[in-house]
Amino acid sequence: MRLVTHGDSAPSSVNRYLLPHEHQVIMVRRHPAVLLRPVAEVFGGLILAGLLSKWFGSQAGEGGGGALVVVWWAWLLLLIRFVWKVAEWSVDYFVVTSKRMLLTTGLITRKVDMMPLGKVTDMSFQRSLLGRMLGYGEFVLESAGQDQALSRVNYIPYPETLYLEVCQMLFPGSNDSDD
């Protein structure tokens with residue numbers, strides 16, 4: 001199963017990092033589960049802000065109004081952080097080209113981790129219980145005695161399929177026939 005067909009093109013945020021002689025084979029966003037913690041923080045903060053509002057509201061005559069403002073500003077900061085995490089997630093991509101693997105991250109400060117396919121000596125994927133339930137995994141890449149910029153890729157969607165696709169590129173089968 002091809003996850004990206006040859007007719008598809010990478011978004012410009014990724015395309016600028018592709019070399020002229022390489023073509024993309026796989027391009028995926030990280031799994032939305034990367035946003036679970038920020039979502040939990042926003043909802044937990046909302047519950048806490050609601051409870052504190054009720055408590056400070058009953059003490060409004062004793063200066064509780066100023067504390068209410070602080071509580072809701074703190075929650076607003078959590079909400080802004082969540083929006084920022086969603087924006088970052090929307091521009092983060094894992095790309096496998098004909099020559100290398102790339103992980104592009106960051107909204108303002110762009111970071112591109114890369115490993116040439118020829119340098120990969122071992123590749124595995126692992127899935128936690130939550131990853132198995134939600135459909136994501138982690139790739140672990142190794143190269144011969146070198147510390148590479150791209151050694152782990154977290155929150156990869158449909159890791160079994162991607163693993164097979166990448167392994168097929170790393171270890172192409174022989175199509176020679178004896179006829």
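Annotations for the structure displayed:
- Within straight-line reach of residue 119, meaning a Cα separation under 28 Å, sit the following lysines at least 8 residues removed in sequence or on another chain: 99, 111.
- Charge context of residue 42, other residues only, Cβ under 12 angstrom, K/R +1, D/E -1: +2
- Percentage relative contact order, the stretch 76-179, counting C-alpha pairs under 8 Å, at least six apart: 18
- For residue 152, neighbours were defined as the other residues whose beta-carbon sits under 11 Å from its Cβ, and their charges (Lys and Arg +1, Asp and Glu -1) total -3.
- Among 87-95, 72-80, the peptide with the highest mean count of other Cβ atoms within 10 Å heads the list, and the full ranking is 87-95, 72-80.
- A simple spin-label model places pseudo-atoms 7 Å from Cα toward Cβ; at residue 23 and residue 55 they are separated by 6.2 nm.
- Dividing the alpha-carbon radius of gyration of the stretch 80-125 by the rule-of-thumb value 2.2 N^0.38 Å gives 1.42.
Each value in this text was obtained by applying a stated rule to the coordinates, not by laboratory testing. Since the structure is predicted, the reported quantities are computational estimates derived from the model, not experimental observations. Cβ sites come from the backbone with ideal geometry, for glycine too, and all protein chains shown count toward neighbours.
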